[in-house]
Amino acid sequence: MKNVKRAIAGAFSCAVLLAGCGSDPTVAPTPVPQPSPAPAATPSRLELSASPSRLLLSGSTITVTGRFTDSAGAPLAGRTIQLSTAAGSLSSTLPVTDSSGAVTVTLTGNGPTPVLASSSGINASLDVPAIEPFTVTVDSKYSVITPPDTVEIYVTVTPAAGVANAPAPTSVTLACGNGETINLGDQRTANCTFRQKDTYVVTATASAANGWSTSGTVRVSAIPKEVSVTLTYKEVAHGAGEIEVEFIAVGAPERSVCMWDFGEGTKRTGACNQNIVYALADTDDGEVTVSVIVDPRTGADKVTIEKTITLNF
């Protein structure tokens, strides 16, 4: 009876102390495994892409593709994607995803265009840039000329790099900067004449069918040479008490205008070679002083010459 009581007391003592009876008290109890937390759910994904990736400023059409997948990357078919754009136009604004979770529409525009997409609370956006379909450069055979020289101007139209079937311009014009504009058509070389002293800006403009255009420029400086003029004369005819004299302002550039004073009261403006008939009474014992002002009309300074001559009556 006493032995039974001792056994019960021992068992009770083990339970109270939470120590294993008959085991090593220095060994820690084995931890109970806990279940791992479930991974947090990730949202579905909606992505947009474009091919080609750029529009043309002259106007073009590209393909926009949207792809809708679940958190595991599996395609979501039969879902309506709402598409919109603030510029350009879309072939469809409410396409439905196919078995691969994709929708495909066309985008037409002529400038930078944002595309927005939304479905089931998931949003996406794509900014489509726009580039020039071609560029224009201009060069001249000479950058400095002497008026009234003519100089060759060269125009180059270069298609945009990496653009398949880039459109050509519908028109190319060349403004010489002197008031003259030349329609080049298919030609890329033209001549500009610069008659006055100035720095001219020559501009070539290439236009697309939708009215978009781009330009290139080159500068040509027209710098006149200093004018050196000599006044010559000769008696070309004699009559009773009269002599016809020819005067020439030698060295006057082409297009020059000369203002003459023949010394006996006659004044003329015009050509730089003139004939006049003198009577003896018009002279001072056969002497007369003639002056001429030469306006080169090239931007160079005017030249004034005065000369006293003796005529043989």
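Restricting segment 61-119 to residues that are modelled with pLDDT under 95 and in contact with a Gly (Cβ under 6 Å, 6 or more places away or on another chain) leaves a set whose member that is farthest from residue 167 (Cα to Cα) is 87. Among the criteria (1) surrounded by 18 or more Cβ atoms within 10 Å (Cβ to Cβ); (2) modelled with pLDDT of 95 or more; (3) out of contact with any Gly (no Cβ under 6 Å at 6 or more places or on another chain), the one residue 44 does not fulfil is (2).
A count restricted to segment 135-144 and to residues that are small (Gly, Ala, Ser) and either surrounded by 17 or more Cβ atoms within 10 Å (Cβ to Cβ) or touching a helix residue (DSSP H, G or I) at 6+ places or on another chain (Cβ under 8 Å) (or both) stands at 1.
Please determine whether any residue of segment 174-187 is in contact (Cβ under 8 Å) with a residue 24 or more places away in the chain, surrounded by fewer than 17 Cβ atoms within 10 Å (Cβ to Cβ) and not acidic (Asp, Glu). No, segment 174-187 contains no residue that is in contact (Cβ under 8 Å) with a residue 24 or more places away in the chain, surrounded by fewer than 17 Cβ atoms within 10 Å (Cβ to Cβ) and not acidic (Asp, Glu). Restrict the check to segment 212-221 and report whether at least one residue is in a loop (DSSP other than H, G, I, E, B), under 17 Å from the mean Cα position of the chain (by Cα) and farther than 12 Å from residue 140 by Cβ. Among the residues of segment 212-221, at least one is in a loop (DSSP other than H, G, I, E, B), under 17 Å from the mean Cα position of the chain (by Cα) and farther than 12 Å from residue 140 by Cβ, which makes the answer yes. What do you reckon, is residue 115 within 24 Å of residue 209 (Cα to Cα), part of a strand (DSSP E or B) and among the aliphatic types (A, V, I, L, M)? Judged against the criteria, residue 115 is not a match. Are any residues in segment 278-294 at pLDDT below 95 and buried (at least 16 other Cβ atoms within 10 Å of the Cβ), and if so, which ones? Within segment 278-294, 282, 283 meet the criteria. Examine segment 241-251 for a residue that is touching a Ser or Thr at 6+ places or on another chain (Cβ under 6 Å) and assigned to a strand (DSSP E or B), and state whether such a residue exists. Within segment 241-251 (the criterion being touching a Ser or Thr at 6+ places or on another chain (Cβ under 6 Å) and assigned to a strand (DSSP E or B)), the answer is yes, since at least one residue qualifies. So residue 222 clears everything in (1) surrounded by 19 or more Cβ atoms within 10 Å (Cβ to Cβ); (2) out of contact with any Lys or Arg (no Cβ under 7 Å at 6 or more places or on another chain) except one condition, right? Which one? In the conditions (1) surrounded by 19 or more Cβ atoms within 10 Å (Cβ to Cβ); (2) out of contact with any Lys or Arg (no Cβ under 7 Å at 6 or more places or on another chain), residue 222 misses (2) alone.
Taken residue by residue, segment 57-75 has at least one member that is in contact with a strand residue (DSSP E or B) (Cβ under 6 Å, 6 or more places away or on another chain), without any contact (Cβ under 8 Å) to a residue 60 or more places away in the chain and among the hydrophobic types (A, V, I, L, M, F, W, C).
Remark: pairs (first residue in segment 110-122, farther than 11 Å from residue 82 by Cα; second residue crowded, with 16+ Cβ neighbours inside 10 Å; Cβ separation under 6 Å; 6+ apart in sequence or on different chains) = 110/57; 110/59; 111/130; 112/130; 113/85; 113/88; 113/128. Test of understanding: among 147, 167, which residue is outside the structural domain of residue 66 (by TED's automatic domain parsing), under 17 Å from the mean Cα position of the chain (by Cα), modelled with pLDDT under 95 and crowded, with 16+ Cβ neighbours inside 10 Å? Unique residue meeting the criteria: 167.
Taking the options 151, 157, name whichever one is β-branched (Val, Ile, Thr), in a strand (DSSP E or B) and out of contact with any Ser or Thr (no Cβ under 6 Å at 6 or more places or on another chain). On inspection, the qualifying residue turns out to be 157.
Residue 204: under 18 Å from residue 135 (Cα atoms), in contact (Cβ under 8 Å) with a residue 60 or more places away in the chain, touching a Gly at 6+ places or on another chain (Cβ under 9 Å) and part of a loop (DSSP other than H, G, I, E, B), yes or no? Judged against the criteria, residue 204 is not a match.
The values are calculated or read from the model by the stated rules, or taken from the named source; none is laboratory data. Everything quoted here is computed from the prediction, not taken from an experiment. Heads up, the Cβs are rebuilt from the backbone with ideal geometry, glycines too, and the neighbour counts pull from every protein chain shown.
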